[in-house]
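The values are calculated or read from the model by the stated rules, or taken from the named source; none is laboratory data. Not measured: the values here are computed from a predicted model. Ideal geometry is used to build each Cβ from the backbone, glycine not excepted, and the neighbour counts take in all protein chains shown.
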Amino acid sequence: MKILNSTRHVVLAEQAVLADSFWPRLKGLLGRQEMGISEGLVITRCQSIHMFFMRFPIDIIFVDAKDVVVGIVQNIQPFQLSPVFWKADKAIELPGGVIARTRTAEGDRITFPSFH
């Protein structure tokens, strides 16, 4: 699945995976050594994430039910917790640096062309 920031007309991920059931949501990126530059993970029904037992930093974009950015966490490190974003419906996990490179900000609209 592709992920786009339609506000800024940039691609956030070319190859994203949807985690929308119990086991994929629980596993997330655990066990991975790294995340490819064009990869992403979309976790549904998610207002915060943890980085326990992770091996690399990531960026996280939290979006509401209308896919508007309501929270951003850049370069979160292994064994840290993200803040809770109460209005969030999904968390989009991306390689570290994607948020800065794409200038993604709160209020931007994210689209998932092959998801909805």
Check: Any idea how many residues of region 40-59 are at pLDDT 90 or above, out of contact with any helix residue (DSSP H, G or I) (no Cβ under 9 Å at 6 or more places or on another chain) and among the charged types (D, E, K, R)?
Finding: 0
Note to self: Against the conditions (1) touching a residue at least 60 places away in the same chain (Cβ under 8 Å); (2) assigned to a loop (DSSP other than H, G, I, E, B), where does Glu106 fall short? Just the number, please.
What the structure shows: (1)
Item checked: Top-ranked residue of region 71-116 - restricted to ones that are of a type in the set (Gly, Ala, Ser) and exposed (fewer than 15 other Cβ atoms within 10 Å of the Cβ), ranked as modelled with the lowest pLDDT -> Ser114
